[in-house]
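Each remark here refers to the structure printed beneath this line.
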Amino acid sequence: MKYVHVGINVTSLEPSIEFYQKVFGVEPVKVKGDYAKFLLDEPGLNFTLNVRDKVEGNQVNHFGFQVETREEIAAHQARLEKEGFFAREEMDTTCCYAVQDKFWVTDPDGNEWEFFYTKADSDNYKNKESSPSNSCC
């Protein structure tokens, strides 16, 4: 397998293209009036935007990128904040039975993207102080 494919619905193509260009750091390889396609080699991802009349919030739990070092988290966060994004930071948090450093950004249609580094395994699903509505992982 060369690429994982994810296609999401969006209500407006231009702001979504702008968001994902900044998040992925690449231009789309194909753009039509109701469609855009990004191909990322690292990680292998075929990601498409499909215009729909209505999109209601985050139709999936969330999307994410797992990185290999804490330094990568800091570099991605600094890069995206420089692009004007608000990055919701969660450092040294327990989530999905792991201790992680992470941050989140949200696309124009409400889809959340997590950038995370796993520091250690944990016996707990999430921090006790996390709210029950927090998707965590």
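The values are calculated or read from the model by the stated rules, or taken from the named source; none is laboratory data. Keep in mind it's a predicted model, so treat the numbers as computed, not measured. Glycine gets a Cβ as well: all are built from the backbone with ideal geometry, and neighbour counts include every protein chain shown.
When residues of the stretch 65-79 are filtered for being within 15 Å of the chain's Cα centre (by Cα), assigned to a helix (DSSP H, G or I) and closer than 9 Å to Tyr117 by Cβ, how many remain?
The qualifying residues number 2.
Quick check on my filter: what residues within the stretch 44-57 are within 16 Å of the chain's Cα centre (by Cα) and loosely packed, with under 10 Cβ neighbours inside 10 Å?
Of everything in the stretch 44-57, just one residue is within 16 Å of the chain's Cα centre (by Cα) and loosely packed, with under 10 Cβ neighbours inside 10 Å, namely Gly57.
Do we find that Glu14 is assigned by TED's automatic domain parsing to the domain that holds Asn111, more than 14 Å from Glu112 (Cα to Cα) and of a type in the set (Asp, Glu) in this structure?
Working: assigned by TED's automatic domain parsing to the domain that holds Asn111: no; more than 14 Å from Glu112 (Cα to Cα): yes; of a type in the set (Asp, Glu): yes.
No: the conditions fail for Glu14.
In this structure, is Ala120 outside any strand (DSSP E or B) and either at pLDDT 90 or above or not assigned by TED's automatic domain parsing to the domain that holds Pro15 (or both)? Spell out how you get there, then give the answer.
Numbers: outside any strand (DSSP E or B): no; either at pLDDT 90 or above or not assigned by TED's automatic domain parsing to the domain that holds Pro15 (or both): yes.
So Ala120 fails the test.
Mind checking which pairs have a first residue in the stretch 61-74 that is closer than 16 Å to Asp92 by Cβ and a second that is surrounded by 16 or more Cβ atoms within 10 Å (Cβ to Cβ) and among the charged types (D, E, K, R), Cβ under 8 Å, 6 or more apart or different chains?
Within 8 Å, the pairs are Arg70/Asp101; Ile73/Asp101; Ile73/Lys102.
What is the residue count in the stretch 1-32 for residues that are assigned to a loop (DSSP other than H, G, I, E, B), among the hydrophobic types (A, V, I, L, M, F, W, C) and touching a strand residue (DSSP E or B) at 6+ places or on another chain (Cβ under 6 Å)?
Step one: list which residues in the stretch 1-32 are assigned to a loop (DSSP other than H, G, I, E, B), which gives 1-3, 11-12, 25-29.
Of the ones still in play, those that are also among the hydrophobic types (A, V, I, L, M, F, W, C) are 1, 26, 29.
Going one step further and asking which of them are touching a strand residue (DSSP E or B) at 6+ places or on another chain (Cβ under 6 Å), we end up with 29.
Within the stretch 1-32, residues that are assigned to a loop (DSSP other than H, G, I, E, B), among the hydrophobic types (A, V, I, L, M, F, W, C) and touching a strand residue (DSSP E or B) at 6+ places or on another chain (Cβ under 6 Å) number 1.
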